[in-house]
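Accompanying notes for the structure given below.
The values are calculated or read from the model by the stated rules, or taken from the named source; none is laboratory data. Keep in mind the model is a prediction, meaning the values are calculated, not measured. Please note: Cβ atoms are built from the backbone with ideal geometry, for glycine as well, and neighbour counts cover all protein chains shown.
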Amino acid sequence: MREKISDKLVRATEPTIGRMSTTIWDTEVVGFGLCITQAGARSFVLRYRIDNRERRLTIGSYPDWSVTAAREEAKAIKRLVDIGRDPLQERDDRRSAPTVADLAKRYLEEHASRKADHAYRDQKTMFSRLVLPGIGRMKVAEVKHADIDRLHREISKRTRIQANRVAQVLRKMFNLAIRWEYRTDNPVTGLVFNAEVPRNRYLSPEEIRRLTDVLAEHPNQRCANVIRLLLLTGARRGEAMNATWDQFDLENGIWTKPSSHTKQRREHRVPLSQAAVVLLKEIKAGQPRFCRFVFPGETPDHPLTEIKGFWDRVRIKAGIPDVHIHDLRHTYASILVSSGLSLPIIGALLGHTQTQTTARYSHLFDHPLREATERVSAVVIDFPGSKPGQNRAAG
């Protein structure tokens, strides 16, 4: 049926009984039509041919689309067909194109899964709580720099450092999106990161004494021993809390951390001090023989997973409320540096693979260097005429 489609025609035409749908083709624009279902729903369609195939594209339903608007849209679509484009295929491609949620899923499965367990969990939580609620439904190809910038600013209102970490992960994810041919550029490029001031918080000997006194009096000695081991070894929290007894050779004082537990994803063999060995032997003596973990959780077959609440109470009572757990690792390194040990040795103990990572502690060499130069001055000052101002006074 062919007839000039008008608003009056759309309202007046009834569906044909016994047919699933009825289509009226417009006499003004070739291929433009009105489709009426047996249930009475009305929509505008366009029929066109491309590459010797007939295609039928739904423009929209009535009355959401007026006849005039639908006809103009049909003309615009036909112009695209004239230059060789297939609007229906393009629409289908857009609908099936991967979303940021799809990209995040592949990123976690194919990239983040190769990281340490705690790093994988952190990034998975980062996506579910911070990224996907904001841009998860967007098509990967349609994400713009402004979208990333807006997400970064929103997260920055809560935590500026975490916002930077999210942006770093997104930068890597969109680099992989380019490799996977989801898009040709990275929308994170050019993002202005929040300024970060590296933490230089180390415990003084007096603060260490206060902390160990609080630990000694605390009823939860399992968590207290975690803190003690961190102080004695400079280990990362995850390395200590997930440690199993088969990693330790207590007779020879060696801790071999498996690659799955270290940040660098490399096995790290490190000697233990006598005090650390004594601590570990005491812990082991107080556990059932079948216990696998050094710090078991609520059930012996799982490790302890959370000490944040414990640490918050302990640091307040010890008068060090600004100290983070990771600062215990910094404290361990600062003691080594101030004792005159070289940065390569300290890096080996900490498990650093890059010398610049350990170099952040280099300023702590000022203390032993100052002591050394004071020894020289103590000798020089004993000679006559060597005291400051003495020669000037004599003149």
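Just one of (1) at pLDDT 95 or above; (2) over 41 Å from the mean Cα position of the chain (by Cα) trips up Phe127, so point out which.
(2)
What residue, among those in region 278-306 that are of a type in the set (Phe, Trp, Tyr) and touching a helix residue (DSSP H, G or I) at 6+ places or on another chain (Cβ under 9 Å), is nearest to Leu231 (Cα to Cα)?
Looking at the filtered set, the residue picked out is Phe295.
Considering region 36-85 alone, what residues qualify as being free of Cβ contacts under 8 Å to residues at least 40 places away in the same chain, of a type in the set (Val, Ile, Thr) and crowded, with 16+ Cβ neighbours inside 10 Å?
Ile36, Val45, Ile50, Ile59, Ile77, Val81
Can you list the helices (runs of 4 or more DSSP H) lying wholly within region 126-226 that have 2 or more residues being within 30 Å of Phe295 (Cβ to Cβ) and touching a residue at least 12 places away in the same chain (Cβ under 8 Å)? Spell out the reasoning first.
Details: elements: 132-135, 145-156, 160-179, 205-217.
In region 126-226, the matching helices (runs of 4 or more DSSP H) lie at 160-179, 205-217.
Given the criterion touching a strand residue (DSSP E or B) at 6+ places or on another chain (Cβ under 7 Å) and β-branched (Val, Ile, Thr), identify the matching residue among Ile83, Ile77, Ile50, Ile135. Walk me through how you get there before you give the answer.
Numbers: Ile83 fails: touching a strand residue (DSSP E or B) at 6+ places or on another chain (Cβ under 7 Å); Ile50 fails: touching a strand residue (DSSP E or B) at 6+ places or on another chain (Cβ under 7 Å); Ile135 fails: touching a strand residue (DSSP E or B) at 6+ places or on another chain (Cβ under 7 Å).
Ile77 is the lone residue from the list that is touching a strand residue (DSSP E or B) at 6+ places or on another chain (Cβ under 7 Å) and β-branched (Val, Ile, Thr).
I need the full set of residues from region 20-35 which are in contact (Cβ under 8 Å) with a residue 24 or more places away in the chain and not in a loop (DSSP other than H, G, I, E, B), in order please.
Of everything in region 20-35, those that are in contact (Cβ under 8 Å) with a residue 24 or more places away in the chain and not in a loop (DSSP other than H, G, I, E, B) turn out to be Trp25, Phe32, Gly33, Leu34.
So which of Glu14, Glu28 is surrounded by fewer than 18 Cβ atoms within 10 Å (Cβ to Cβ), farther than 21 Å from Asp92 by Cα, modelled with pLDDT under 90 and of a type in the set (D, E, K, R)? It would help to see each step written out before you state the result.
Values: Glu28 fails: modelled with pLDDT under 90.
Of the residues listed, the single one that is surrounded by fewer than 18 Cβ atoms within 10 Å (Cβ to Cβ), farther than 21 Å from Asp92 by Cα, modelled with pLDDT under 90 and of a type in the set (D, E, K, R) is Glu14.
Residue under question is Ala216, and the condition is that it be small (Gly, Ala, Ser) and in the same structural domain as Thr305 (by TED's automatic domain parsing); does it hold? Steps first, please.
Working: small (Gly, Ala, Ser): yes; in the same structural domain as Thr305 (by TED's automatic domain parsing): yes.
Spelling it out, Ala216 is indeed small (Gly, Ala, Ser) and in the same structural domain as Thr305 (by TED's automatic domain parsing).
Which of the residues belonging to region 19-48 are within 17 Å of Ser66 (Cα to Cα) and basic (Lys, Arg)?
Arg42
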